[in-house]
């Protein structure tokens, strides 16, 4: 049984009022709210264990290092990675994508190589590959979506023919589409391509298993799964990470530094973790993973399907409202981006805000997708484990009111 | 926030003033707001007396940016070139008669027409 009322009690932010009304937070795809367990773990670290990691030999430093490395093991298990050293901490998913672009892409992509991504990607899984292609004179190919907002395997297979690198997201932050990562990875691998998955939107909602999907790289951000800002993850298969040179140079990524001959890089994962990391954020990431595991990822996914089904149904009752993305609730996350006739998304979100409802309006860092769908911008309501069906009803009421004001 | 949506703003959004293209403008510029996809193209014609004889815009965006563009293009009419050079952001915001101090993102919407105007007069078409 998924007890959303019990879960909500863990989130202090819901005690606050917005514009004198209860906060209805429907912007979790931008960033999730944090449970008290995560907040306490961060303050607890700074109160009791604060020291820099992987440097000092004193007790506090050793304790900090142990706590930090324990999170690496948690992440490894959480995404079923074969080895702890394949987990690299970054500040966010974008930095993780750029790490791969710089350290793998710039080394191995050559003129004329083919790089493939899809039209529904977040800019952070689009711009790095586009820029890589421009820099190297490589071919940049974009896979289209179907009318129902999904990746067609046939189209995908055609486009990845002869590709060297293929990037796609396991779930879209606008369409909500959940892709068949395993199948798409297999198609990419059949062409001998390296397969990169953007898990920023899927990892918080759907069980992730890199062994099963067999991807070569996976990235995600901590803040979308209730961890603090400043915690991101790159997973990479050892064979790829070993071939790559450091992305940032400095302390900790180094084994030996000499004035008169070249430096020697550190082992994985330290080779890619130069400079003092956001230790507190990583500690919080560990607490967030514990929190998710306690509820269970399968339960989270099925609750999200329940919410998405209720949401799609409720929105379909509003005249002049067009939901972007798949019509089948099980093929999507519990979020809906939509456009409304005669009301600009900015105005929709401002009017919802007056009712205490937080949604996002704009292009959600997916300009190519909005161009493809021929909408300038959209409004997105995204739900997570602490949201209730009643909040869908309030959203609908508020949208009807906005329509009336603009009628 | 709701006080922003006064009837005259909604009316201007639905039926904008001075909306349309202009042949052979003296000044012209186009500017977009990358975060929301809004854009405005502004046209100004200066007559032989050195005054704005006509001022128009086309574009798309939220109620605030469209209402602001309607009001601001009207405000420009009859101004001399010297007067154009001393118009400020506050002059533009005053036309809307709403306080956006606590809404920095909506402030950008309201000022899109002003920024387009500055671009236009700085680079004579």
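The values are calculated or read from the model by the stated rules, or taken from the named source; none is laboratory data. Being a predicted model, the structure only gives us computed values, none of them experimental. Neighbour counts are summed over all protein chains in view; Cβ atoms, including those assigned to glycine, are modelled from backbone coordinates with ideal geometry.
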Among all residue pairs at least 6 apart or on different chains, which show Cβ distances below 9 Å where the first residue, located in the range A:319-330, is on the phi > 0 side of the Ramachandran plot and the second is loosely packed, with under 14 Cβ neighbours inside 10 Å and at pLDDT below 90?
A:320/A:342
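Considering each residue of the range A:28-66, count those that are out of contact with any strand residue (DSSP E or B) (no Cβ under 8 Å at 6 or more places or on another chain), at pLDDT 95 or above and buried (at least 19 other Cβ atoms within 10 Å of the Cβ), and give that number. Explain how you work it out, then say what you get.
Step one: filter the range A:28-66 for residues out of contact with any strand residue (DSSP E or B) (no Cβ under 8 Å at 6 or more places or on another chain), giving A:31-32, A:34-66.
From what is left, the residues that are at pLDDT 95 or above are A:31-32, A:34-47.
Still in the list and also buried (at least 19 other Cβ atoms within 10 Å of the Cβ): A:32, A:34-35, A:38, A:41-42, A:45.
Number of matching residues: 7.
Could you tell me whether residue A:358 is under 25 Å from the mean Cα position of the chain (by Cα) and in contact (Cβ under 8 Å) with a residue 40 or more places away in the chain? If you could, list the steps in order and put the result at the bottom.
Working: under 25 Å from the mean Cα position of the chain (by Cα): yes; in contact (Cβ under 8 Å) with a residue 40 or more places away in the chain: yes.
Yes.
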What residue, of A:140, A:78, is closer than 14 Å to residue A:218 by Cβ and either surrounded by 20 or more Cβ atoms within 10 Å (Cβ to Cβ) or assigned by TED's automatic domain parsing to the domain that holds residue A:239 (or both)?
A:78
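Among the residues of the range A:184-198 satisfying the criterion of being under 19 Å from residue A:98 (Cα atoms) and without any contact (Cβ under 8 Å) to a residue 60 or more places away in the chain, which is surrounded by the fewest Cβ atoms within 10 Å (Cβ to Cβ)? Before you say what the answer is, go through the steps one by one.
Looking only at the range A:184-198, we keep the residues that are under 19 Å from residue A:98 (Cα atoms), and these are A:193-198.
Filter once more, so that each one left must be without any contact (Cβ under 8 Å) to a residue 60 or more places away in the chain: A:195, A:197.
Numbers: A:195: 26, A:197: 28.
Filtering the range A:184-198 for residues that are under 19 Å from residue A:98 (Cα atoms) and without any contact (Cβ under 8 Å) to a residue 60 or more places away in the chain, the one surrounded by the fewest Cβ atoms within 10 Å (Cβ to Cβ) comes out as A:195.
Of the residues B:71, B:96, B:100, which single one is at pLDDT 95 or above and farther than 24 Å from residue A:340 by Cα?
Working: B:96 fails: at pLDDT 95 or above; B:100 fails: at pLDDT 95 or above.
Testing whether each residue is at pLDDT 95 or above and farther than 24 Å from residue A:340 by Cα leaves just B:71.
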Going by the structure shown, is residue A:64 closer than 30 Å to residue A:202 by Cα and more than 26 Å from the chain's Cα centre (by Cα)?
yes
Checking residue A:325 against (1) out of contact with any strand residue (DSSP E or B) (no Cβ under 9 Å at 6 or more places or on another chain); (2) at pLDDT below 95, which test does it fail?
(1)
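So, residue A:270, is that one on the phi < 0 side of the Ramachandran plot and at pLDDT below 95 or not?
Working: on the phi < 0 side of the Ramachandran plot: yes; at pLDDT below 95: yes.
Taking the combined requirement at face value, the residue satisfies it.
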When you scan the range A:247-264, how many residues do you find that are buried (at least 18 other Cβ atoms within 10 Å of the Cβ) and over 15 Å from residue A:234 (Cβ atoms)?
1
Out of the residues in the range A:366-390 that are buried (at least 19 other Cβ atoms within 10 Å of the Cβ) and more than 14 Å from chain B (Cβ to nearest Cβ), which is farthest from residue A:145 (Cα to Cα)?
A:386
Checking residue A:335 against (1) in contact (Cβ under 8 Å) with a residue 24 or more places away in the chain; (2) under 16 Å from residue A:400 (Cβ atoms); (3) more than 12 Å from chain B (Cβ to nearest Cβ); (4) surrounded by 20 or more Cβ atoms within 10 Å (Cβ to Cβ), which test does it fail?
(2)
In the range A:349-364, anything more than 26 Å from residue A:124 (Cα to Cα) and facing chain B (nearest Cβ under 10 Å) is listed as A:350, A:351, A:352, A:353, A:354, A:355
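Just to check your reading of the model, which residue among A:376, A:393 is part of a loop (DSSP other than H, G, I, E, B) and on the phi < 0 side of the Ramachandran plot? Working first, answer last.
Numbers: A:393 fails: part of a loop (DSSP other than H, G, I, E, B).
Sole residue among the options that is part of a loop (DSSP other than H, G, I, E, B) and on the phi < 0 side of the Ramachandran plot: A:376.
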Check the range A:285-298 and report whether any residue there is surrounded by fewer than 22 Cβ atoms within 10 Å (Cβ to Cβ), more than 14 Å from chain B (Cβ to nearest Cβ), on the phi > 0 side of the Ramachandran plot and in contact (Cβ under 8 Å) with a residue 24 or more places away in the chain.
no
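Determine if the range A:265-284 includes at least one residue that is out of contact with any helix residue (DSSP H, G or I) (no Cβ under 6 Å at 6 or more places or on another chain) and either within 25 Å of residue A:298 (Cβ to Cβ) or in a strand (DSSP E or B) (or both). Spell out the reasoning first.
Filtering the range A:265-284 for residues out of contact with any helix residue (DSSP H, G or I) (no Cβ under 6 Å at 6 or more places or on another chain) gives A:266-267, A:270-278, A:281.
Add one more test, that the residue is either within 25 Å of residue A:298 (Cβ to Cβ) or in a strand (DSSP E or B) (or both), and what stays is none.
No, the conditions are met nowhere in the range A:265-284.
Working carefully through the options A:110, A:85, find the one that is surrounded by fewer than 20 Cβ atoms within 10 Å (Cβ to Cβ) and in a helix (DSSP H, G or I).
Numbers: A:110 fails: in a helix (DSSP H, G or I).
Being surrounded by fewer than 20 Cβ atoms within 10 Å (Cβ to Cβ) and in a helix (DSSP H, G or I) holds for just one of A:110, A:85, which is A:85.
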